[in-house]
C-alpha cells in the first residue's frame, strides 16, 4: 500500500508431476486426478501483459468509483469534496485488514493451480468468502462508533457531519467489497482475471449511473448530495459482488476438475490462510494507519483547501498507478504459479521483467504530470473563490509526486512477489517500522512543529517509499522466499 494506492505460458522443465497426498477422510481420487500436473511457467512480456490488462481494467474501474464520487460532488463545494475524498481514505481503515487477508487467496490459488490442484485452489475461494462475512459483522458494529470517531479527529463541523453520513452508508455493504476482492483474487490466481474484470466494470458503470441519480436527484429520486454518492457506490458494489458470487457458485471460469465431488473444506487450511493472510493485511493496515494519521493530522493542519487539493491529487495518482499495480499483480500470479510448479529459477526473471515494465509506465506518468498537471486537476476544482487556490496547490502536489513514481513501482513489484511466495510477515514489519518510526514523526515535526510546507510533505513521502524499495530489494535478493512453504503439505479434512 502506497500513495499510488490508497496500489500461464508453458515451458518444458523436466520437473515432473507433483502428487499431493490424500486425506483419509477425503473422497477417493479419480485416475485423472491421481497425478496432479504442475503448470510450468516461463516469464515473457506477452504472458505478463495478457494477465495484466484485465487486472488493470479491474483496478482502474475500482479507482473510477472513488474518483467519480469526488468529481460528481465537487460542484457542491469544498466541504463536500473534502468529506467525500477524505471519507474514502478513512473507509480504507475498515477495509484494508480484511482486504489484505483475502489478497493471500491469490497466492494460495496460484501456487495450487501451478501444482495442478484445482479443487484445492477452489477451497481458498470459500475461505475468502468466510473472511468477507466476518468483516461485514464487524462493519455493522463499526457504523455505531463512526460519529464519535470522526468528531474526535477535528474536522470542521460541516465536513465532519457529511463524512459521518458517507461512511455509515458505505459500511453497510463493506462485506460485499471484501467478497468481491476475495473472488477476484481467486480467479486471478487461476490466471483468469477477465471474469473479475467484467464485474468490476459493471460496478463502475452502476456507480456512475447511481451517483447521477442520487447526488443531484434525477429520475424522481431525492437529491442526497454526499450521501447519494455513498449510496450509489454501496449499491453498485453489492450488485457486482452478487454477480461474481453467482459465477463462482456455478463454477464459471474454472477448470472442470475444480468441482469434482463435494467440496471438502478444511479448518486447518482456513487457519493456514489466516496465518499468512493476517500479516498480509497488517502489511497494508499498518502503513495505511500511518498515512491516515499523516492526512488527518499533518495535512489537515494546513487547511481545508490544502487537504482537498492533496486528496484530489492522490485520486489522480491512484488512477495513474493502476496499470503499474495491475502489472505487479500479474507478475505475482506468475511468481505463484512458478513456485507451485517448482520452477524457482523463473521467479527472479519474472520479477525483473515486471519491475522494468512497471517502472517504465510510472516514468511515462511522471512526464504527463510534468506537462499537464493543472489540466489533470480541473475535474476536481470546486466552484467559487477557492477554485484557483485549489488548482495551484493540487497541480503543485501532482507535479512533485514525480519524485516517488519509480520507487513506488519498485515497491509494488517486490511486495507483490514476496506476497505470492508467502513472505508476508517480513514486509509487514518493515512497513510498520519505517512508517511509524521515520515517516510519521519526520513529517509531523517538519510540518506541524517547525512550520514546514508542501515541500517537506513530498520529502517525507518520497523518502519513505525509497527506503521501502531498498529494503524489499535486499529481502528479495537474499532468497529467503525460496525456503517458504505457503501451500503446505496435506491438511486433514473436516
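The values are calculated or read from the model by the stated rules, or taken from the named source; none is laboratory data. Just so it is clear, the model here is predicted, and its values are computed rather than measured. Positions of Cβ are generated from backbone atoms using ideal geometry, with glycine treated the same way; all protein chains shown enter the neighbour counts.
Answer with yes or no whether residue 371 is out of contact with any helix residue (DSSP H, G or I) (no Cβ under 6 Å at 6 or more places or on another chain) and either crowded, with 23+ Cβ neighbours inside 10 Å or assigned to a helix (DSSP H, G or I) (or both).
Details: out of contact with any helix residue (DSSP H, G or I) (no Cβ under 6 Å at 6 or more places or on another chain): yes; either crowded, with 23+ Cβ neighbours inside 10 Å or assigned to a helix (DSSP H, G or I) (or both): yes.
Yes.
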field: In the stretch 268-279, the residues that are touching a helix residue (DSSP H, G or I) at 6+ places or on another chain (Cβ under 8 Å) and surrounded by fewer than 24 Cβ atoms within 10 Å (Cβ to Cβ)
entry: 269, 270, 274, 276, 278, 279
- prompt: Does residue 183 satisfy the criteria of being farther than 20 Å from residue 279 by Cα, in contact with a helix residue (DSSP H, G or I) (Cβ under 6 Å, 6 or more places away or on another chain) and crowded, with 22+ Cβ neighbours inside 10 Å?
  reply: no
message: Among the residues that make up the stretch 475-484, is at least one of them in contact with a helix residue (DSSP H, G or I) (Cβ under 8 Å, 6 or more places away or on another chain), under 30 Å from residue 123 (Cα atoms) and at pLDDT below 90?
response: yes
field: Residue among 282, 307 that alone is surrounded by 16 or more Cβ atoms within 10 Å (Cβ to Cβ), in contact with a helix residue (DSSP H, G or I) (Cβ under 9 Å, 6 or more places away or on another chain) and either modelled with pLDDT under 80 or closer than 22 Å to residue 418 by Cα (or both)
entry: 282
message: Here is a check on your reading of the model: is residue 428 in a helix (DSSP H, G or I) and either in contact with a helix residue (DSSP H, G or I) (Cβ under 6 Å, 6 or more places away or on another chain) or modelled with pLDDT under 90 (or both)?
response: yes
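Run down 246, 225 and say which single residue is modelled with pLDDT of 85 or more, more than 19 Å from the chain's Cα centre (by Cα) and surrounded by 20 or more Cβ atoms within 10 Å (Cβ to Cβ).
Working: 246 fails: surrounded by 20 or more Cβ atoms within 10 Å (Cβ to Cβ).
Result: 225 is the single residue among 246, 225 that is modelled with pLDDT of 85 or more, more than 19 Å from the chain's Cα centre (by Cα) and surrounded by 20 or more Cβ atoms within 10 Å (Cβ to Cβ).
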Among (1) touching a helix residue (DSSP H, G or I) at 6+ places or on another chain (Cβ under 6 Å); (2) more than 23 Å from residue 294 (Cβ to Cβ); (3) at pLDDT 90 or above; (4) surrounded by fewer than 22 Cβ atoms within 10 Å (Cβ to Cβ), the one test that residue 356 misses: (1)
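Could you list all residues from the stretch 186-196 that are in a helix (DSSP H, G or I) and surrounded by fewer than 24 Cβ atoms within 10 Å (Cβ to Cβ)?
First, pick out the residues of the stretch 186-196 that are in a helix (DSSP H, G or I): 186-189, 194-196.
Within the stretch 186-196, 194, 195 qualify.
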query: Do we have residue 329 as surrounded by 18 or more Cβ atoms within 10 Å (Cβ to Cβ), in contact with a helix residue (DSSP H, G or I) (Cβ under 8 Å, 6 or more places away or on another chain) and at pLDDT 90 or above here?
result: yes
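Among 445, 393, 465, 433, which is part of a helix (DSSP H, G or I) and farther than 29 Å from residue 303 by Cβ? First the steps, then the outcome.
Details: 445 fails: farther than 29 Å from residue 303 by Cβ; 393 fails: farther than 29 Å from residue 303 by Cβ; 465 fails: farther than 29 Å from residue 303 by Cβ.
The match here is 433.
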- request: Report, ordered by the first and then the second residue, all pairs with beta carbons closer than 6 Å, sequence separation of six or more or different chains, a first member in the stretch 424-437 that is over 10 Å from residue 287 (Cα atoms), and a second member that is modelled with pLDDT of 90 or more and crowded, with 20+ Cβ neighbours inside 10 Å.
  value: 427/415; 427/418
task: Confirm whether residue 377 is touching a helix residue (DSSP H, G or I) at 6+ places or on another chain (Cβ under 7 Å), modelled with pLDDT under 90 and either in a helix (DSSP H, G or I) or closer than 26 Å to residue 464 by Cβ (or both).
output: yes
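Among the residues of the stretch 40-59, are any on the phi > 0 side of the Ramachandran plot, surrounded by fewer than 22 Cβ atoms within 10 Å (Cβ to Cβ) and either in a helix (DSSP H, G or I) or at pLDDT below 85 (or both)? Steps first, answer last, please.
The first filter runs over the stretch 40-59 and keeps only residues on the phi > 0 side of the Ramachandran plot, leaving none.
Among the residues of the stretch 40-59, not one is on the phi > 0 side of the Ramachandran plot, surrounded by fewer than 22 Cβ atoms within 10 Å (Cβ to Cβ) and either in a helix (DSSP H, G or I) or at pLDDT below 85 (or both), which makes the answer no.
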field: Unmet requirement for residue 131, which otherwise passes all of (1) at pLDDT below 85; (2) crowded, with 24+ Cβ neighbours inside 10 Å
entry: (1)
message: Criterion first (at pLDDT below 90, in a helix (DSSP H, G or I), out of contact with any strand residue (DSSP E or B) (no Cβ under 9 Å at 6 or more places or on another chain) and more than 21 Å from residue 322 (Cα to Cα)) does residue 149 satisfy it?
response: yes
